[in-house]
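The values are calculated or read from the model by the stated rules, or taken from the named source; none is laboratory data. Every value quoted in this text rests on a predicted model; they were computed, and no experiment measured them. Positions of Cβ are backbone-derived with ideal geometry, glycine not excepted, and every protein chain shown enters the neighbour counts.
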Amino acid sequence: MMTDIASNPALLVAAEPVAVAAQVRPAVWRTSPWQPALLIVVIAAAATAWLAAGSAQSALLDGDAELAMLLRFMAAVKATIALAVLGVTVWRLGHPAPTAVALLYLAAVALMAAAPGVIWQLAYVGIGAGLFHAGLLLFLAALVADRGGASQLVGTALQRARRV
């Protein structure tokens, strides 16, 4: 015999915290169409950069092993920074954002995601550095353009964290 939650008050009371949690923190993919677009763009940019730079062989690998190791470490550091920016951007785009600001965030993270793969291949280090820094500048431009909305969201998140 199956029972409906509405017919059993004990089940209804048990389901309340789940319903409240769903209202407070909606599912990632239902909050904004920008989040799935962001992840698709980042994966496509990183894969394209890796494949495009991977076809070129670098004489640097044969010539100077220490420089190659240093540049690959730099690529790893840039990848870590890009992941942090990706996390912030996914969080920000989970809330309503103007289209122009969302596009700035998308472009910034795509450029920053492509850069470490290009640098890691050691064929086009200058282009990879340019991609990364262009993405960083776009991210800063997005933050400036989104100053009011982003600071209000951070304040709200900090207030929620203090209550818990």
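Quick one: is Gly117 in a helix (DSSP H, G or I) and touching a residue at least 60 places away in the same chain (Cβ under 8 Å)?
Spelling it out, Gly117 is indeed in a helix (DSSP H, G or I) and touching a residue at least 60 places away in the same chain (Cβ under 8 Å).
I'm checking my understanding of the structure. Among residues of the stretch 131-164 that are among the aliphatic types (A, V, I, L, M) and buried (at least 17 other Cβ atoms within 10 Å of the Cβ), which one is modelled with the lowest pLDDT?
Going through the qualifying residues, I end up with Ala150.
Would you please list the contacts, defined by Cβ atoms under 7 Å and residues six or more apart or on different chains, that run from a residue in the stretch 72-87 that is within 17 Å of Ala123 (Cβ to Cβ) to a residue that is part of a helix (DSSP H, G or I) and of a type in the set (A, V, I, L, M, F, W, C)?
Cβ pairs passing all conditions: Arg72/Trp120; Met74/Ile119; Ala75/Ile119; Ala75/Trp120; Lys78/Ala115; Lys78/Ile119; Lys78/Phe132.
Taking Leu122 as the residue in question, decide whether it is on the phi > 0 side of the Ramachandran plot and either of a type in the set (S, T, N, Q) or touching a residue at least 12 places away in the same chain (Cβ under 8 Å) (or both).
Yes.
Residue under question is Leu70, and the condition is that it be at pLDDT 90 or above, surrounded by fewer than 12 Cβ atoms within 10 Å (Cβ to Cβ), of a type outside the set (Gly, Ala, Ser) and closer than 21 Å to Gly128 by Cβ; does it hold?
yes
Answer yes if at least one residue in the stretch 90-105 is surrounded by 14 or more Cβ atoms within 10 Å (Cβ to Cβ), closer than 17 Å to Ala49 by Cα and out of contact with any His (no Cβ under 6 Å at 6 or more places or on another chain), and no otherwise.
no
Looking at the structure I just gave you, is Ile119 more than 23 Å from Pro36 (Cα to Cα) and either at pLDDT 95 or above or crowded, with 21+ Cβ neighbours inside 10 Å (or both)?
yes
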